[in-house]
Amino acid sequence: MSYIASLPRRRRRQTRSFADAPSSVPELSQNYNELALPQMQEQVQENNHYASPYVYQLTPENFDEFLEQNPNNLCAFTTNWCSHCKEMAPEYVAAAQEAQDNELEFKFAAIDCAANEANEAFCRKQKINSYPTIKYMAGQSKQLQDYHGGRSKKDFIRAARQYSKKSNSMNFQ
């Protein structure tokens, strides 16, 4: 007796035929890309919790240029599906706004590591293994370093002031 024949009648009606299913992995992949990717890309853009005029949106293409033009910065490596990233976003955006309002020479940036394949590859290259990962660069060091501070607006502003002072003292010596 087959598995389906052993099911009660109402369960048999609920089973579906796999005759319409893709016959190969490439065909399945193509169907997935045609159906799911456009919706996912729209959703990623809608779910960018760091979208703000105060937070620079980074990509692999503008990352190096941003670091050259803004030697004092915090950079958040995030994803749209990470609950910790979502929790941190309002604090990060508020700190970025306060830094700009107080004319601190410090910029806040974010890169969505799940936005597309290029961002994913870039984040892997940067050795980003968990989210959110925050890195900072102060002064002319040209090296991103791990940020180990808190995740509140107050903590981000404290770090911005501390790193700005550090870079100013490095430039005068």
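Observations, loosely collected:
- Residue in the range 55-74 that is in contact with a strand residue (DSSP E or B) (Cβ under 6 Å, 6 or more places away or on another chain) and among the β-branched types (Val, Ile, Thr) present: yes
- Restricting attention to the range 136-170, the residues being at pLDDT below 95, farther than 20 Å from Asp101 by Cβ and among the basic types (Lys, Arg) number 2.
- Only one of Cys75, Cys85 that is within 11 Å of the chain's Cα centre (by Cα), crowded, with 16+ Cβ neighbours inside 10 Å and either among the small types (Gly, Ala, Ser) or assigned to a helix (DSSP H, G or I) (or both): Cys85
- Qualifying residue in the range 36-50 (condition: at pLDDT 50 or above and hydrophobic (A, V, I, L, M, F, W, C)): no
- Options Ala115, Ala96: the member that is surrounded by 20 or more Cβ atoms within 10 Å (Cβ to Cβ), in a helix (DSSP H, G or I) and not β-branched (Val, Ile, Thr): Ala96
- Of the listed requirements (1) farther than 18 Å from Asp64 by Cβ; (2) of a type outside the set (Phe, Trp, Tyr); (3) surrounded by fewer than 18 Cβ atoms within 10 Å (Cβ to Cβ), Pro132 misses just one: (3).
- Among residues of the range 136-153 being under 17 Å from Glu91 (Cβ atoms) and either β-branched (Val, Ile, Thr) or touching a residue at least 24 places away in the same chain (Cβ under 8 Å) (or both), the one that is surrounded by the most Cβ atoms within 10 Å (Cβ to Cβ) is Tyr136.
The values are calculated or read from the model by the stated rules, or taken from the named source; none is laboratory data. Predicted model, so just to flag it, every value in this text is computed and none were measured. Note: ideal-geometry Cβ built from the backbone for every residue, glycine included; neighbour counts use all protein chains shown.
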